[in-house]
Amino acid sequence: MTYLGYQKEELDKLGAGITALEINNQPRIWKETYEIIKDRKNEIQTFLNKAFKHEDLRIILTGAGSSAFVGDCTVPYLDKKICNKIEMIESTDIVSHPECYFKKDIPTLLISCARSGNSPESVATANLARDLIDNLYHIVLTCNPDGELAKTCQEREKEFVILMPNDSNDKGFAMTSSFTSMVLSTLLIFNLEKLDDLQEQIDRIILNGENVLQSNIELLKEVSKLDLKRVVYLGANALKGLARESALKILELTSGKVATSFDSCLGFRHGPKSIVDDKTLVIIYLSNDSYARKYEIDFLKEIYTQNGGHKVLAVTSYEDKLVKESCDYYICIEKEKVDYEDDSFLVFDYILNAQIFAIFKSIKLGVNPDNPSPDGSVNRVVKGVTIHEFNGN
């Protein structure tokens, strides 16, 4: 069996077999995720209807690490779609300052995203919400049916668990399929009325993902061989959340041997651009929005022609000659522009490239991608967090 251009036996020897398989499985998992939401459509709609009866309903997406970035990748789109206010607040912020984020008298729909459902902050956030919000509705998106979040949520009347496909519960260190399945679920549960219409887009995303896993391997392997010390990911709106997740992937899988940062193209000029040196790779995610894209192409041309030994990789969803001429490395998902519902739907095929690049760079640096932190200083499920009782003072 071959994954990402390697024989399984070779990946296992490199300590990369688990992560490679989990990256490779994602197109199948996206299809399974769509079917789960479709099969449970009526249940989910009934639950949401109860929450949306409150005109002043507040919606919060939460999680820690990559689970929080699910919100970064979806909230910009959902905030336009839903008349209610929706926001992403990381559980790591809520736990230390719950009174700043939870409002007792405001009906709230909390959506907890969690791979394992066992991280101390995720569990504590749910408990704090139950204690501090008078009218709480709670949806848990999780990959682990045996996790603390799933088990405690199922025992409560105004709480609802949506389990991701079985294989989305990543066994590797870094979140891959767990992240993308929760992004897709979040987008779909707020598009229940048009699930059938979206199926064509989802099928296209799956087909493109399968192509990325076959066609982009050699290019990404070549890029991973660059003598890099820094990688910068840039994207705007939903793609800024994607840039954040992408930067974390290579930081995690290289055990910090490659320093990373993320920003928008416009924001990067305002100081963060100072990070660029001769051993920096700048990766730009281009939007499908024609107006936003103008700014991104302006910056792409600027950074590409800037003096120095840095390299530039551009990722676009459709063929663009100007983009191709303005970068050292070029990744195009498909030939023609497709009018996806939003840039949030570009996340899936874009992130595959970041995950593949991260695992290749990890292998190149001699790090074990499945367990890049063998000393236990960083863990798959966070340890060492003491949850203190909140007394309102």
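The values are calculated or read from the model by the stated rules, or taken from the named source; none is laboratory data. Note that the structure is predicted; figures quoted are calculated from it, not measured. When we count neighbours, we look across all protein chains shown, and the Cβ atoms used for this are built from the backbone with ideal geometry, even at glycine. All accessible areas refer to the heavy atoms of the entire protein, side chains included, with ligands and DNA or RNA removed. Shrake-Rupley method; radii C 1.70, N 1.55, O 1.52, S 1.80 Å.
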| field | Accessible area expressed per residue, the chain, with surrounding protein chains retained (probe 1.4 Å, Å²) | value | 42 Å²
| remark: Of the convex hull enclosing the alpha-carbon atoms of the chain, the direction-averaged projected area in nm² is 19.1 nm²
| field | Along the chain, longest interval not containing exposed GluC sites (Glu not before Pro), exposed being DSSP loop plus at most 15 other Cβ atoms within 10 Å | value | 158-318
| query | Expressed as a fraction of 2.2 N^0.38 Å, the rule-of-thumb size for a compact globular protein of N residues, what is the C-alpha radius of gyration of the stretch 23-145? | reply | 1.07
| query | With charges only on Cβ, +1 for K and R and -1 for D and E, what is the dipole size of the chain about its Cα centre, in debye, rounded to 20? | reply | 640 debye
| query | Nearest 20 debye, what's the magnitude of the dipole of the stretch 61-174 about its Cα centre given +1 on Lys and Arg Cβ and -1 on Asp and Glu Cβ? | reply | 260 debye
| Rounded, prolate or oblate: which one fits the stretch 146-196, using the alpha carbon gyration tensor with axes a ≥ b ≥ c (rounded when a/c is under 1.5, else prolate when a/b beats b/c, else oblate)? | oblate
| Percent antiparallel among DSSP beta bridges with both residues in the chain, to the nearest 5? | 5 percent
| What is the stretch 200-266 by shape, rounded, prolate or oblate, if you read a ≥ b ≥ c off the alpha carbon gyration tensor as root eigenvalues and call it rounded for a/c under 1.5, prolate for a/b larger than b/c, and oblate otherwise? | oblate
| message | Are there any trypsin sites (Lys or Arg not before Pro) in the stretch 1-58 that are in a DSSP loop and have at most 13 other Cβ atoms within 10 Å? List them by number. | response | Lys53
| query | Once both axes come from the Cα atoms, what is the angle between helix 290-305 and the longest principal axis of the chain, in degrees from 0 to 90, rounded to 10? | reply | 40 degrees
| query | Where does each of Leu14, Leu198 land when they are ordered by accessible area, with a 1.4 Å probe and the largest first? | reply | Leu14, Leu198
| Where the accessible area of the stretch 132-254 is counted over protein heavy atoms with a 1.4 Å probe, how much of it, in %, is carbon and sulfur? | 41 percent
| field | Rounded if a/c under 1.5, otherwise prolate or oblate - the stretch 27-95, Cα gyration tensor axes | value | oblate
| request: On a 0 to 90° scale, report how tilted helix 120-132 is relative to the longest principal axis of the chain, with both axes built from alpha carbons and the result rounded to the nearest 10. | output: 30 degrees
| said: Treating only the Cβ of Lys, Arg, Asp and Glu as charged (+1, +1, -1, -1), what charge dipole size does the stretch 1-147 show about its Cα centre? Round to the nearest 20 debye. | reply: 500 debye
| query | On alpha-carbon atoms, Rg over Rh for the stretch 112-233 using Kirkwood Rh? | reply | 1.07
| To the nearest 10 degrees, how steeply does helix 26-39 sit against the main Cα axis of the chain, on a 0 to 90 scale? | 30 degrees
